[in-house]
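Data first, discussion second: the structure below is written as structure tokens.
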Amino acid sequence: MKNLEDLKLSLKKLNLKKDDLLIVAFSAGPDSTALVYMLKELGYTNVKLAYVNYHDSEFVPLEQKLVNETSKDSGYELFQNNVYLEDVSGKNFENWARVYRYNFFASLTKTLNAKGTLTAHHKDDLIETYLIQKSRSSLVTHYGLREISVINNIYIYRPLLNYTKQDLIDYLNENKIPYYDDITNKNTSRLRNKIRTFKLNSEEISTLLEEISFKNENLYLISKQIDSLCQKEKIDYKEYSTLSDEIKKRLLWNKISQVMPFITEKKVQSLVNKCLEFLKNNKPGTIYLIDDYYLYQDSQYFFISKYLTTNPYEYTIEKAGVYSFETISIDLTDGRVFNVFDYSYPIKIRCIKSGDKISTKLKTKNVKHFIKSQKVPVYLRNLYPVIEDKNGNVIYVPFYSDITNHLIPLTIKLIH
């Protein structure tokens, strides 16, 4: 059995001190039982045990007995929740149980004002998680398991990732510590349990750990690139088109999750595929995503947003100055930029209307034809601004490139 030095180093790295109030996710199985007694041996005294009894087998009374005995022997107070199988009929029990227990850990951690919850995930779990990730070809933010993560707004610590399951069982056997061997872990209808039936030799394990490390280093570099793009409200299509397929997927995944944090990972994946297909064509347009959210694309950018309202607007301005309205902001200090002079007032800034004509020397007289020739995105055309003088004549329609390149002091707030 490995000594406790690896655990001491992990706890130090995680900044978990002996007097910190800590929750241990406990089940009386070998992993969590080993963690409890190892913490006790290292002098951690302010520890609480969090246990969920699922009443999912005939051996539950034995499990409960060992839970109670471990709490008493270790001196760590026990907090318990009970669940019954009939309460989760028709649901994916494994997924439901995970959500339930992490909600319990979060509630207990916050109630007791603990530093976080420790789980007994070990090296075997890390490798199993990675193999599941590979089998599903899913996008992930980290391969394997992190030593520390945030779930339900609490810290989850995994200080045993340098130990194998056999290391932990050896520790228990050497110290004659009883534990519960959960029979449900032998149910191979569950993917993780099926993977556990495949025995890996030390060379295969080393190869997988190196592979995980390499992929996470690469993922870190990709994440830095994606983070800078995600900070922008609108993404430049030319820049997007130069990215690899994997980075495109990750960028869309992050952007969708950022804008719609309430949807499931499965739904995010579906929307990523939908956006990828739409963006392949590089044509201005709009596609519906979910609820009130859409992906919008013009000739230069694309972005994800709630549906952009097309309610008409009209603002009256009596004199020169700087103005900011709900839809438009404009600096009329020098009105000549907009073909506005003292005799033009009062003027109106409004969205275009059917039949609008441009009363200037421009060749194109019809406003709608003009903005179409300017490649104004379809989703903006009904909101595009014109300036009307006191006589009701349209005296100014901005070039779209002047707005997007900030060449005039006018902003359509929906696109900036």
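Data table
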| read-out | value |
| --- | --- |
| Residue pairs meeting the criteria (Cβ under 6 Å; at least 6 apart or on separate chains; first in contact (Cβ under 8 Å) with a residue 24 or more places away in the chain, in segment 381-392; second surrounded by 15 or more Cβ atoms within 10 Å (Cβ to Cβ) and part of a loop (DSSP other than H, G, I, E, B)) | Tyr384/Ile352; Tyr384/Val376; Val386/Ile352; Val386/Val397 |
| Filter result for Val140 (in contact with a strand residue (DSSP E or B) (Cβ under 8 Å, 6 or more places away or on another chain), of a type in the set (A, V, I, L, M, F, W, C) and either closer than 30 Å to Lys248 by Cβ or in a helix (DSSP H, G or I) (or both)) | no |
| Criterion violated by Tyr345 - all others in (1) at pLDDT 95 or above; (2) within 26 Å of Ser299 (Cα to Cα) satisfied | (2) |
| Residues (touching a strand residue (DSSP E or B) at 6+ places or on another chain (Cβ under 8 Å) and among the basic types (Lys, Arg)) located in segment 92-122 | Arg101, Lys110, Lys115 |
| Looking only at segment 124-159, and only at residues there that are aromatic (Phe, Trp, Tyr) and within 17 Å of the chain's Cα centre (by Cα), the one that is farthest from Val272 (Cα to Cα) | Tyr155 |
| Scope segment 321-339; condition more than 22 Å from Glu233 (Cα to Cα), of a type in the set (Val, Ile, Thr) and surrounded by 15 or more Cβ atoms within 10 Å (Cβ to Cβ); matching residues | Val337 |
| Counted residues, segment 122-154 - those being surrounded by fewer than 17 Cβ atoms within 10 Å (Cβ to Cβ) and within 23 Å of Thr111 (Cβ to Cβ) | 6 |
| Which listed residue is modelled with pLDDT of 90 or more and either hydrophobic (A, V, I, L, M, F, W, C) or surrounded by 15 or more Cβ atoms within 10 Å (Cβ to Cβ) (or both), from Leu200, Leu221, Leu229, Leu251 | Leu251 |
| Which listed residue is closer than 27 Å to Arg381 by Cα, under 19 Å from the mean Cα position of the chain (by Cα) and not aliphatic (A, V, I, L, M), from Tyr220, Tyr294 | Tyr294 |
| Single residue of Lys283, Lys238 found to be out of contact with any Leu (no Cβ under 8 Å at 6 or more places or on another chain), loosely packed, with under 12 Cβ neighbours inside 10 Å and part of a loop (DSSP other than H, G, I, E, B) | Lys283 |
| In segment 269-280, the residues that are modelled with pLDDT of 90 or more and surrounded by fewer than 18 Cβ atoms within 10 Å (Cβ to Cβ) | Ser270, Asn273, Lys274, Leu276, Glu277, Phe278, Lys280 |
| Some residue of segment 260-273 being in contact (Cβ under 8 Å) with a residue 40 or more places away in the chain and basic (Lys, Arg) | no |
| Failed item, numbered, when Glu318 is tested on (1) within 22 Å of Val376 (Cα to Cα); (2) surrounded by fewer than 17 Cβ atoms within 10 Å (Cβ to Cβ) | (1) |
| Residue check for Leu35: within 20 Å of Asp182 (Cβ to Cβ), assigned by TED's automatic domain parsing to the domain that holds Asn82 and touching a residue at least 60 places away in the same chain (Cβ under 8 Å) | yes |
| Failed condition for Lys319, given (1) more than 25 Å from Lys372 (Cα to Cα); (2) outside the structural domain of Asp389 (by TED's automatic domain parsing); (3) assigned to a loop (DSSP other than H, G, I, E, B) | (2) |
| Residue pairs meeting the criteria (Cβ under 7 Å; at least 6 apart or on separate chains; first more than 15 Å from Gly116 (Cα to Cα), in segment 41-56; second at pLDDT below 95 and of a type in the set (Phe, Trp, Tyr)) | Val52/Tyr100; His55/Tyr84 |
| Members of segment 100-119 found to be among the polar types (S, T, N, Q) and buried (at least 17 other Cβ atoms within 10 Å of the Cβ), listed by number | Thr109, Thr117, Thr119 |
| Checklist (1) among the aliphatic types (A, V, I, L, M); (2) over 18 Å from Gly29 (Cα atoms); (3) at pLDDT 90 or above; (4) part of a loop (DSSP other than H, G, I, E, B) applied to Leu209, failing item | (4) |
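The rows are residues; the columns are (1) surrounded by 12 or more Cβ atoms within 10 Å (Cβ to Cβ); (2) assigned to a loop (DSSP other than H, G, I, E, B); (3) touching a Gly at 6+ places or on another chain (Cβ under 6 Å).
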position: Ser305; (1), (2), (3): yes, no, no
position: Tyr343; (1), (2), (3): no, no, no
position: Ser354; (1), (2), (3): no, yes, no
position: Lys372; (1), (2), (3): yes, no, no
position: Val376; (1), (2), (3): yes, yes, no
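The values are calculated or read from the model by the stated rules, or taken from the named source; none is laboratory data. Quick caveat: nothing in here was measured; it's all calculated off a predicted structure. Glycine gets a Cβ as well: all are built from the backbone with ideal geometry, and neighbour counts include every protein chain shown.
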